[in-house]
1. Quick one: is residue 79 in contact (Cβ under 8 Å) with a residue 24 or more places away in the chain, within 16 Å of the ligand (Cβ to nearest atom) and either in a loop (DSSP other than H, G, I, E, B) or under 30 Å from residue 14 (Cβ atoms) (or both)?
2. Only one of these is more than 15 Å from the ligand (Cβ to nearest atom), part of a loop (DSSP other than H, G, I, E, B) and not hydroxyl-bearing (Ser, Thr, Tyr): 69, 90. Name it.
3. Filter segment 293-340 down to residues that are β-branched (Val, Ile, Thr) and over 20 Å from residue 260 (Cα atoms), then give me how many there are.
4. If you go through segment 15-55 one residue at a time, how many are surrounded by 14 or more Cβ atoms within 10 Å (Cβ to Cβ) and polar (S, T, N, Q)?
5. When you go through (1) touching a Lys or Arg at 6+ places or on another chain (Cβ under 9 Å); (2) touching a residue at least 24 places away in the same chain (Cβ under 8 Å) one by one for residue 250, which number turns out not to apply?
6. Give segment 113-127 a look and list any residue that's among the aliphatic types (A, V, I, L, M) and either in contact with a Gly (Cβ under 6 Å, 6 or more places away or on another chain) or more than 15 Å from the ligand (Cβ to nearest atom) (or both), or say none.
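Only the coordinates and a few stated rules stand behind these numbers; no lab work does. Just so it is clear, the model here is predicted, and its values are computed rather than measured. Neighbour counts run over all protein chains shown; Cβ positions are idealised from the backbone, glycine included.
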Amino acid sequence: MRELQELTRKNIWALTPYSCARDEFKGRAASIFLDANENPYNTPLNRYPDPLQEELKAKLAAVKGVRPERIFLGNGSDEAIDLVYRVFCEPRQDNVVAISPTYGMYGVCADVNDVEYRSVKLRPDFSLDADALLAATDAHTKIIWLCSPNNPTGNAFERRQIERVLTEFGGIVVVDEAYSDFNDLRPFRADLDRFPNLIVLNTFSKLWASAAIRLGMAFASEEIIALFNKVKYPYNVNLLTQQQAMRMLDEIPRLNQWRATILNERRNLLPAIAELPVCTVVYPTDANFFLARMTDADGIYHYLVDRGIVVRNRSRVELCGNCLRITIGTPQENNALLGALRQYRP
Ligand SMILES: *Cc1c(COP(=O)(O)O)cnc(C)c1O
């Protein structure tokens, strides 16, 4: 890996971050807070929340097996994705390399930050071509984006290929593991010691069933997390979100039940969809969704919408002609989908 200072934007490396009123007061017990111009009434919502979410990170550290200093929490993973650009990429000068097809936010945030986005096609079976990815980098490439399991294809990439990218690329490699809770593969957050250039993304929006509270996680070296903390909005995770996340962290048995039900449904639904005359291929998945190639994705998409069932039409995405992306729902929802598809007449 190149030196972190060399990878970081000069203005960010030199940045003096905003100092919160409560930063100056540390430790000693106090009960009268006249330092932050808050209204003294309406406890607890009158107070600014903990800018570094220490209580929540301590609890999360135990669940994720990652030390608190290596955790960043943000307003969804989307905040972490945007921060990667703002911390590392000089607009109109640096570039990033990503796979295609993949999650759309990497490209949107590149555009917002005026950073060149280079995409490298996956193989037709959606496997990762690490050589092609590395070949697309140059001296100005700061970031490689990998999403595994990948959205919208559903497959996780071979660990060996991802590790090759991590060792052979001198910049930052982001591995977005939003869906890692839906498979038994070793998560990359367990390997931060081996890869100083690794940033792993997780989210509360998928298995954790909390998309509404907007909470995303990034795991990386203490040095990278310190850069994120310097650049983020001081109070980027509000109190209600922190409290609700703490409650969810007490719900691990429920989470495990949801996972078991979803994986069981996935096991049943994929072959049932594959058998339908309207489906030509169901692609293997390591996530809570799958990609299905249909005889007529547009027609089937609109037919389902007319019946109140919404799937994602990905037919205009590279390598995904005639493909629908379907999330695993409840058993009732999945049965409704199957029933509707069985009655479809072109
Ligand atoms: C759903 C998803 C996320 C989650 O984003 P949030 O902002 O945390 O809701 C992140 N990455 C990928 C690839 C996703 O599909």
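1. Values: in contact (Cβ under 8 Å) with a residue 24 or more places away in the chain: yes; within 16 Å of the ligand (Cβ to nearest atom): yes; either in a loop (DSSP other than H, G, I, E, B) or under 30 Å from residue 14 (Cβ atoms) (or both): yes.
Judged against the criteria, residue 79 is a match.
2. Working: 69 fails: part of a loop (DSSP other than H, G, I, E, B).
On inspection, the qualifying residue turns out to be 90.
3. If we filter segment 293-340 for residues that are β-branched (Val, Ile, Thr), which is where we start, we get 295, 300, 305, 309-311, 317, 326-328, 330.
This time we only want the ones that are over 20 Å from residue 260 (Cα atoms), so: 295, 300, 305, 309-311, 317.
Here the count works out to 7.
4. Selection size over segment 15-55: 1.
5. Just one mismatch for residue 250, condition (2).
6. Within segment 113-127, 115, 120 meet the criteria.
One line per residue, one yes/no per condition, for (1) away from the ligand (no atom under 11 Å from the Cβ); (2) buried (at least 24 other Cβ atoms within 10 Å of the Cβ); (3) touching a residue at least 60 places away in the same chain (Cβ under 8 Å):
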{"residue": "186", "(1), (2), (3)": "yes, no, no"}
{"residue": "190", "(1), (2), (3)": "yes, no, yes"}
{"residue": "200", "(1), (2), (3)": "yes, yes, no"}
{"residue": "205", "(1), (2), (3)": "no, no, yes"}
{"residue": "208", "(1), (2), (3)": "no, no, no"}
{"residue": "212", "(1), (2), (3)": "no, no, no"}
{"residue": "221", "(1), (2), (3)": "yes, no, yes"}
{"residue": "224", "(1), (2), (3)": "yes, yes, yes"}
